[in-house]
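Chemist: Attaching a single structure in structure tokens format; questions to follow.
The values are calculated or read from the model by the stated rules, or taken from the named source; none is laboratory data. A quick note: this is a predicted structure, and the numbers were derived from the prediction, not measured. Positions of Cβ are backbone-derived with ideal geometry, glycine not excepted, and every protein chain shown enters the neighbour counts.
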Amino acid sequence: MGGVTPAPRRCPARDHDEEAGSPVPETHACRIHHAGAAAYGREVRISLTWLGHSTVVLDLDGVRLITDPLLSAHNGPLRRRTDLPHPERWRGAETVLISHLHHDHAELASLRRLPGVPVLTGSGNVAWLRRHGIAGAVGLDDGPADQPWHRVRDGVEVRLTRADHHHRPMPHRPNDAHGHLVRTPAVTVWAAGDTSLYDEMAAIPDLLGRPLDLAIVPISGWGPRLSGGHMDGAQAAEAVALTGARHALAVHWGTLHVPFMSERPQGWMDRPHQEFTKALARVAPDCALLDLRPGESASLPS
Ligand SMILES: [Zn+2]
């Protein structure tokens, strides 16, 4: 690397100056970031926290993004099995990725807790979001590999990708459903949104122009039965295998349930992840599973 000046290091929380060697504050993102760096002995490029359901806080190269933020104790009639995420877990998010407008992915009360933050979503969702006070809604397109990417900051870019999730149209909301691809100079992420399995997932590295570092895939739903437009654990493992992802995180499980039904039938909230874990080892043995429960965090090296 002679002659190449490394880019200045930035802590994901960006509230202390690493270059000046100032003390590390006890904020959540900093703790994850620095613990990861110590564990791997090199710079961490992805720190993430799964806040439950489809909400993931991603700290990528100094930029904090959040997917489908569900930051309330409950979601309409649905109850949260796990603790409500503390605001410190998601504070400072500077870009929101909304996959679609189903209530468990686009909760207005949660979006209003991120005032002024750009909300990147399918263009068919933008007018509705703005009408409901989400002024930062920005429409993106899902097109061929050479379509322009949306620049977030400092080389961090986002584009949409296909999601097959149109089984439950809503009379009162549009539902322009997509996944998101994120790439930085160092890492690539696919947040699949809600989707069923489709063969063209194999083209995701082509859309990225690089191999995929992290696949965030949905398994299960908020009831024991899986409705159309979703993947079970085995299908989600197949999706990860198609993309060749180096790491995988399963979401959309273990968080929401209708009242009094978290344990009926017994174990339904945890079974999809057990199934995903087994299937991933079988169909994508080189992919590292991020074995997280809601509220837990991980760091990945570059
Ligand atoms: Zn969903």
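Chemist: If the Cβ limit is 9 Å and pairs must be 6+ apart or interchain, which residue in region 285-302 that is touching a residue at least 12 places away in the same chain (Cβ under 8 Å) and within 8 Å of His247 (Cβ to Cβ) pairs with which residue that is of a type in the set (D, E, K, R) and assigned to a strand (DSSP E or B)?
Modeler: Leu300/Arg45
Chemist: To continue, here is another question. Looking at (1) surrounded by fewer than 24 Cβ atoms within 10 Å (Cβ to Cβ); (2) in contact with a strand residue (DSSP E or B) (Cβ under 6 Å, 6 or more places away or on another chain); (3) modelled with pLDDT of 95 or more, which is the one condition that is false for Ala241?
Modeler: Here Ala241 clears every test but (2).
Chemist: Which strands (runs of 3 or more DSSP E) sit wholly inside region 170-256 and have at least 2 residues that are within 15 Å of the ligand (Cβ to nearest atom)?
Modeler: Counting at least 2 such residues, we get 178-183, 214-218, 247-251.
Chemist: Can you tell me which of Ala145, Ala127 is away from the ligand (no atom under 16 Å from the Cβ) and either part of a strand (DSSP E or B) or modelled with pLDDT under 95 (or both)?
Modeler: Going through Ala145, Ala127 in turn, the sole match is Ala145.
Chemist: While we're here: Report whether or not Trp90 is surrounded by 16 or more Cβ atoms within 10 Å (Cβ to Cβ), among the hydrophobic types (A, V, I, L, M, F, W, C) and within 20 Å of His252 (Cβ to Cβ).
Modeler: So Trp90 passes the test.
Chemist: Determine whether region 154-163 contains at least one residue that is assigned to a strand (DSSP E or B), of a type outside the set (Val, Ile, Thr), crowded, with 23+ Cβ neighbours inside 10 Å and more than 16 Å from the ligand (Cβ to nearest atom).
Modeler: Checked against the condition, which is being assigned to a strand (DSSP E or B), of a type outside the set (Val, Ile, Thr), crowded, with 23+ Cβ neighbours inside 10 Å and more than 16 Å from the ligand (Cβ to nearest atom), region 154-163 yields at least one hit.
Chemist: Given the condition within 16 Å of the ligand (Cβ to nearest atom), of a type in the set (D, E, K, R) and either farther than 18 Å from Pro294 by Cβ or outside any loop (DSSP other than H, G, I, E, B) (or both), answer yes or no: does some residue in region 79-101 qualify?
Modeler: Within region 79-101, one or more residues are within 16 Å of the ligand (Cβ to nearest atom), of a type in the set (D, E, K, R) and either farther than 18 Å from Pro294 by Cβ or outside any loop (DSSP other than H, G, I, E, B) (or both).
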